[in-house]
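Have a look at the structure below before the remarks.
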Amino acid sequence: MGLILCIVGGGHGLTQKTHCKPILNDDVPYDPRPLLSFFEITSSHSIPVALCGADHYKTRLPETGRFICFDKSCGGGAASNFCDAEFIWTNRKNARSIFRWVWQGCVRQGATGNRLHVSEKPVELMAWLFEHCRVKLGSNVLDPYAGSGTTGVACLRTGRRFIGMELCPDNFEIACKRIEEEWARLNP
C-alpha cells in the first residue's frame, strides 16, 4: 500500500450551507483513531497517511505528524466569504508544508462546471500529496472516503493504482463516472 488518504466531512456540517447533497455521518464528529489503528503510522518506514480537514478533529490525531496548509485563497484577503485554508494532517515530515491553489466556491482554478461534492478537492492537490508523502509510482492509494473520485482521477494521471470506498450511492456513481471518463481520456 502506498498511501492512505482520507478526505472526510469531519462532523462540521458542511452540507447545511451548500446546494450539495449531505455527507453521510457529517452530523457527528469524525474520529480517525479506528482507521489509524489498522496501520503502523509512526515509524520512518510506515505507510504514508494524509487526512484532509484535520483541523476539525485535531484533538483526536496522534501527536506525531505534521499539518499541511491547503491555501485556497492564495492571498485573496479577508473580503472573501469562503474558508481561506484547510489543514491536512500527515505522518510524513517534509520541508514543504503549503499547497496554494485557488479553490473557493465557484472560483476553482482549472475546474469547469459545478462542484461535484461539498468537500471536493482539486486533482492537483491529490497529485501534490502523492509527491509530498513520497508515494512511489505504481503504488496503491486507498481513499476510504472517495467522494466524487478526485483521488482516483489523480492516481490515473500520476501512475498510481486506486482503491476507493464510498458509502453514498450518488457519490459512488459520480466517482465511477469521473474515473471512467479520465481513463478513456488517457487511453483513447
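The values are calculated or read from the model by the stated rules, or taken from the named source; none is laboratory data. Computed from a predicted model, the values in this text were never measured in an experiment. Using ideal geometry, Cβ is built from the backbone for each residue, glycine included, and neighbour counts are taken over all protein chains shown.
General observations
- Index of the failed condition, Ala175 passing every other in (1) among the small types (Gly, Ala, Ser); (2) at positive phi; (3) not in a loop (DSSP other than H, G, I, E, B): (2)
- Candidate set from region 136-154 (those that are touching a helix residue (DSSP H, G or I) at 6+ places or on another chain (Cβ under 8 Å) and not small (Gly, Ala, Ser)); member that is farthest from Arg66 (Cα to Cα): Val153
- Considering the conditions (1) aliphatic (A, V, I, L, M); (2) without any contact (Cβ under 8 Å) to a residue 60 or more places away in the chain; (3) within 28 Å of Phe82 (Cβ to Cβ); (4) not in a loop (DSSP other than H, G, I, E, B), Ala111 is excluded by exactly one of them, (4).
- Counted residues, region 84-101 - those being more than 13 Å from Glu63 (Cα to Cα), in a strand (DSSP E or B) and not acidic (Asp, Glu): 6
- Within region 147-168, considering residues that are in contact (Cβ under 8 Å) with a residue 60 or more places away in the chain and in a loop (DSSP other than H, G, I, E, B), the one nearest to the chain's Cα centre (by Cα): Gly147
- Only one of the listed residues (Arg178, Arg96, Arg157, Arg100) is closer than 27 Å to Thr64 by Cβ and surrounded by 12 or more Cβ atoms within 10 Å (Cβ to Cβ). That residue is Arg100.
- Verdict on Glu131 being modelled with pLDDT of 95 or more, over 13 Å from the mean Cα position of the chain (by Cα) and not in a loop (DSSP other than H, G, I, E, B): no
- Flag for Ser73 being at pLDDT 80 or above and closer than 21 Å to Glu120 by Cβ: yes
- Test set (1) more than 15 Å from the chain's Cα centre (by Cα); (2) closer than 23 Å to Asp55 by Cβ; (3) at pLDDT 90 or above - Ser80 fails condition number: (3)
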